[in-house]
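Worksheet: the structure to be examined is printed underneath.
The values are calculated or read from the model by the stated rules, or taken from the named source; none is laboratory data. Computed from a predicted model, the values in this text were never measured in an experiment. All Cβ positions, even for glycine, are placed from backbone atoms using ideal geometry, and neighbour counts span all protein chains on display. Surface accessibility is based on the protein's heavy atoms, side chains included, excluding ligands, DNA and RNA. Shrake-Rupley method; radii C 1.70, N 1.55, O 1.52, S 1.80 Å.
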Amino acid sequence: MPEATLAAVVEELETLYDPAWAESWDAVGLVCGDPAAAVRRVLFAVDPVRTVVDEALAWGADLVVTHHPLYLRGTTSVAATTFKGRVVHTLIKNDVALYTAHTNADVADPGVSDALARAVGLTGDLVPLRPAADDPRRGLGRIGSLAEPVTLAEFAARAAAGLPRTAWGLRVAGDPDRRVRRIAVSGGAGDSLLGTARAAGVDAFLTADLRHHPASEFVEAGGPALLDAAHWATEWPWLGQAAALLTSVLGARGITVETRVSETVTDAWTTTAQCEDTK
Ligand SMILES: [Zn+2]
């Protein structure tokens with residue numbers, strides 16, 4: 001079996017997640033690493049943070065593929081005086097490359113929301129909630145169906161069971177007894193898709209990072225029920241999908257790499273406390 005080079009792995013990642021599909025404000029692709037370096041172990045994670053770098057070093061990863069970019073805006077320094085600079089230094093000193101597939105992975109087919117849809121129990125065909133202009137098979141979010149109609153409370157319980165555990169869990173807006181079957185999902189912050197979900201006529205929309213006013217007005221206006229999960233949890237299911245796809249496309253070239261999905265919870269919110277009932 002030939003050994004994978006970073007260049008060969010990046011080539012396959014960019015076929016699965018074409019950088020041209022990324023939003024104009026995004027920063028995707030190779031952050032650090034030598035294209036000629038050998039890659040035997042690839043760690044997949046949502047966030048390029050210290051705990052994930054620690055995990056990469058402990059496992060002996062040669063490449064870390066993350067969903068979120070390390071540097072999103074222009075930077076003139078990678079000095080180890082900031083946590084981001086420290087991440088870059090630690091990776092380079094240990095010969096570990098970093099690669100980001102962000103909004104280009106969101107709109108891929110399959111992409112982030114396909115994995116989320118399956119994780120929360122949607123079956124059958126999935127179609128983009130907001131299809132890409134150049135290819136309607138790709139796009140943001142996905143619409144799918146449950147095998148049979150259930151109450152919103154039941155769907156919430158199933159969705160929570162299908163997602164990794166976080167302090168945030170899952171919040172629900174809408175009548176818990178309402179029946180739902182046709183569901184839209186979008187991994188990550190889905191505020192901007194609220195109107196699209198309403199126009200699509202789905203029974204519920206599951207995403208992350210929803211705010212009070214848009215959510216309240218949406219439900220008051222008779223829109224679909226809303227489910228708000230932890231941002232990290234909505235994107236985590238993609239890691240396994242991406243790892244399997246990369247293994248498969250490299251395998252077709254006769255190249256073997258070992259992949260691993262990080263189970264380190266890097267959601268920003270780490271604990272919750274419930275308030276007392278009003279007296
Ligand atoms: Zn995200």
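Here is a yes/no grid of residues against (1) farther than 24 Å from GLY174 by Cβ; (2) in a helix (DSSP H, G or I); (3) among the β-branched types (Val, Ile, Thr):
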position	(1), (2), (3)
PRO214	no, yes, no
VAL219	no, yes, yes
GLY222	no, no, no
LEU226	no, no, no
ALA243	yes, yes, no
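Residue count for the range 202-218, restricted to those that are of a type outside the set (S, T, N, Q) and open to solvent by less than 50 Å² (accessible area, probe 1.4 Å): 10. The single condition among (1) open to solvent by less than 30 Å² (accessible area, probe 1.4 Å); (2) in contact with a strand residue (DSSP E or B) (Cβ under 7 Å, 6 or more places away or on another chain) that ARG181 does not meet is (1). Please verify whether VAL88 is assigned to a helix (DSSP H, G or I), away from the ligand (no atom under 16 Å from the Cβ) and farther than 25 Å from ALA244 by Cβ, treating the condition exactly as stated. In short, yes.
Residues that are more than 16 Å from the ligand (Cβ to nearest atom) and closer than 16 Å to VAL52 by Cβ were ranked within the range 241-260; the one that is most open to solvent (accessible area, probe 1.4 Å) is ARG260. From the residues in the range 91-106 that are assigned to a helix (DSSP H, G or I), more than 16 Å from the ligand (Cβ to nearest atom) and among the hydrophobic types (A, V, I, L, M, F, W, C), which one is nearest to the chain's Cα centre (by Cα)? Once the filter is applied, the top-ranked residue is LEU91.
Looking only at the range 80-109, residues that are more than 17 Å from THR51 (Cα to Cα), surrounded by fewer than 20 Cβ atoms within 10 Å (Cβ to Cβ) and in contact with a Lys or Arg (Cβ under 9 Å, 6 or more places away or on another chain) come to 1 in all.
Take the residues of the range 38-79 that are under 22 Å from VAL261 (Cβ atoms), more than 16 Å from the ligand (Cβ to nearest atom) and part of a loop (DSSP other than H, G, I, E, B): which is most open to solvent (accessible area, probe 1.4 Å)? Restricting to residues being under 22 Å from VAL261 (Cβ atoms), more than 16 Å from the ligand (Cβ to nearest atom) and part of a loop (DSSP other than H, G, I, E, B), the top hit is ARG40.
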